[in-house]
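Reading through the structure tokens given below for one structure.
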Amino acid sequence: MPSATQTLPSFMEWKEVDSLVGSIRTRSLVARPTNLDQCRETLTYCRHNDMKICPRGAGRSYGDEALNDGQVLLDVSAMDRILQFDEDKAQITVEAGTRLIDIYERVHYRLLTLPSSPTESHSTVAGAICANVNGKDAWRVGSFADQVVRLSLLTANGETIEIDRSHELFNAVASGIGLLGIVLDATLQLKPIPSPYLRVDRFPAPDVDALLETMARVEQTHDLAVVWVDAYARGKKTGRSVIHAAKWIEHDATEAERKAYLDAGYERLDKHRRLGLGLHEAFGPVLSLMLYAQRPMLHVFNRLYYAMSTFAARRGRSSNTELFLRFSFEASFTVPPAHLVCGSRGYTVQLTLPRSSAREAIVELLGICQSSPCPPVTAILRAHRADDGLLSFSEDGYSLNFEFHPKKHNEAASREAVDRIIDATARRGGKIHLAKDQVMRPDQFTRIYPRYKELLEIKRRVDPEGLFTSDLARRVGLTPS
Ligand SMILES: Cc1cc2nc3c(=O)[nH]c(=O)nc-3n(C[C@H](O)[C@H](O)[C@H](O)COP(=O)(O)OP(=O)(O)OC[C@H]3O[C@@H](n4cnc5c(N)ncnc54)[C@H](O)[C@@H]3O)c2cc1C
């Protein structure tokens, strides 16, 4: 660890910082600035002490994207003020550390929404921009960067740059995993909605062809969609799934009534978050033990879930009205998130697949999963469209998100299967979501993200000393180790 040659500012301290699932343990000098001056002070401190910086939002990326072992983590979560809300233009300007859920609390009852919100509502705006995240509406509205009107960036030399969509840095900062500087604030374009309610329709699909046919229809008729895929169904049933598709609807209520039911919705969301975390605390080890019988257990559970969905659809009971908040954010906590149940050995892989070869790719990837000694606990599919971010993961096509829970005895074999999944994705022209990755190798990264060269070219100009880095950037060879 570098020795400090300048007194440690009061907002900096050495701390243990683990990855989300606890599989990566680090110790970093964490700076938690509350303003621009303190951000600049951190830059100066790092330069004097020959230390590197990784900006960090809420730390809700799964792997090592927001980690910087032995170096400085600049945590922007205390810079979380809403600076301006222009209701006429439907735009909101917020500091980097503002959480998405805080924006919802401010605008949703005014019949506005923030498109491209990921399931993790506690993600910060800067984290969402720099990982260029996406939501269940990705094929319609694109990725998070598509909602950004402008942002300001603090660069390594202490200057702040104003970046709008036409600026040459825009597509490098958005998706650029914090390698060009510190996002300080951003203005986001919101979208008007008829009400905070959705009609949710569930369509069971017996195989991959039915899944893709239904998705093609849903992409025309609905606004949001997420698909539960039975990763255990084989042969003709490969790709068996249930498509959850949603559409914004009218819902008569006064503003005060809307505020009241939305406040109850936030409370419920919070309760579910705590319940999910509490379940993990209380039953994590038991659930983890139960997962030794993962294959038969999930085989039965998945069959039951699919059968119940088909039964409901036949009886015309597969639609309901639900708050967007619930549809978009609650899912991952209704069943305690696999990454919590899985414990430190668990990991997530999300990959995109081009539309043109989606069928073959889905069959191949599910086949790799099934041949693994430890198939994924969950498999989720979504539709996407491409965007211009240099390290964006979105494609015109579909993504599959797998949550794995290897045990000690099959950890190596499970990793080998994940390696095959990453190779197959690269071969098929797909991408791996960096915010969820912790295993990709440099050779895989360069095949998957050929535009990294453009990012490095820009970085040489904006950050010539290479002040900004992260454990992920070093792991995949983007910055020197
Ligand atoms: C339960 C769960 C569900 C999720 N669902 C989705 C989903 O639906 N879709 C999806 O795309 N992702 C999803 N994610 C991933 C998550 O939304 C992203 O990782 C998001 O980036 C996390 O935001 P954060 O504020 O925690 O960022 P962090 O994890 O702290 O950082 C993410 C990246 O942004 C950079 N960064 C952060 N702040 C700054 C800054 N001020 N300046 C410059 N760079 C910065 C970091 O260096 C890092 O590279 C999910 C995660 C969880 C835990």
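Remark: the Cα gyration tensor places region 217-318 in the oblate category, a/c being 1.5 or greater and a/b not exceeding b/c. Helix 411-427 and the longest principal axis of the Cα set of the chain meet at an angle near 90°.
The C-alpha atoms of the chain define a longest principal axis, and helix 452-462 lies at about 30 degrees to it.
Each Lys and Arg Cβ is given +1 and each Asp and Glu Cβ -1; about its Cα centre, region 197-440 then shows a dipole of about 860 debye. Legend: residues K408, K237, sorted from most to least accessible area (1.4 Å probe; ligands, DNA and RNA excluded), read K408, K237.
Tell me, what is the FRET efficiency for Q220 and Q370 to the nearest 0.05, using R0 = 25 angstrom and their Cβ-Cβ distance as r? Result of the calculation: an efficiency of 0.20. Note on the chain: antiparallel DSSP beta bridges, both residues inside, total approximately 90 percent of the bridges counted. Accessible surface of M308, taken over heavy atoms with a 1.4 Å probe and every protein chain present, rounds to 120 Å². Taking the Cβ-Cβ separation of E454 and Y266 as r and a Förster radius of 41 Å, what is the calculated FRET efficiency to the nearest 0.05? E(calc), rounded to 0.05, equals 0.50. Excluding same-chain neighbours fewer than eight residues apart, the lysines reachable from K407 by a Cα-Cα span under 28 Å are K237, K431, K436.
Probing with 1.4 Å while keeping every protein chain in the model, the per residue accessible area of region 349-419 equals 30 Å².
Solvent-accessible surface of region 127-230, taken per residue with a 1.4 Å probe and all protein chains present: 29 Å². For region 188-281, what % of the accessible area comes from carbon and sulfur atoms, probe 1.4 Å? Percent of accessible area from carbon and sulfur atoms in region 188-281: 53.
Quick check: at a probe of 1.4 Å, how many percent of the accessible area of region 1-83 sits on carbon and sulfur atoms?
Working: 1600 of 3750 Å².
C and S fraction of accessible area: 43 percent.
Normalised by 2.2 N^0.38 Å, with N the number of residues, the alpha-carbon radius of gyration of the chain equals 0.95.
Residues in region 288-302 carry Karplus couplings, in order, of 4, 5, 4, 6, 5, 9, 3, 4, x, 5, 6, 4, 5, 4, 5 Hz; the curve used is 6.51 cos²θ - 1.76 cosθ + 1.60 with θ = phi - 60°, and Gly or Pro positions show x. Seen against the Cα atoms of the chain and their longest principal axis, helix 208-221 is set at about 70 degrees. With helices as the sole contributors, the chain gives -10500 deg cm²/dmol at 222 nm; each DSSP H run of n ≥ 4 counts as -39500 (n - 2.57), and the sum is divided by every residue. Which of Y62, L212, M51 sits closest to the plus end of the dipole of the chain, meaning its Cα is farthest towards the positive end, when Lys and Arg get +1 and Asp and Glu get -1 on the C-beta? Selected residue: L212. Rounded, prolate or oblate for region 173-267? Axes are the square roots of the Cα gyration tensor eigenvalues, ordered a ≥ b ≥ c, and the cut-off for rounded is a/c under 1.5. Judged from the Cα gyration tensor, region 173-267 comes out oblate (a/c at least 1.5, b/c at or above a/b).
Ligands, DNA and RNA are left out, and with a 1.4 angstrom probe the accessible area of region 36-103 is 37 Å² per residue.
What distance in nm lies between label points placed 7 Å from Cα along the C-beta direction at V300 and D443? So the label points at V300 and D443 sit 4.3 nm apart.
The values are calculated or read from the model by the stated rules, or taken from the named source; none is laboratory data. Everything numeric here is computed off the predicted structure, so don't read it as measured data. For neighbour counting, all protein chains shown are included, and Cβ atoms are generated from backbone atoms with ideal geometry for every residue, glycine included. Areas reflect the complete protein model, heavy atoms only, side chains present, ligands, DNA and RNA absent. Shrake-Rupley method; radii C 1.70, N 1.55, O 1.52, S 1.80 Å.
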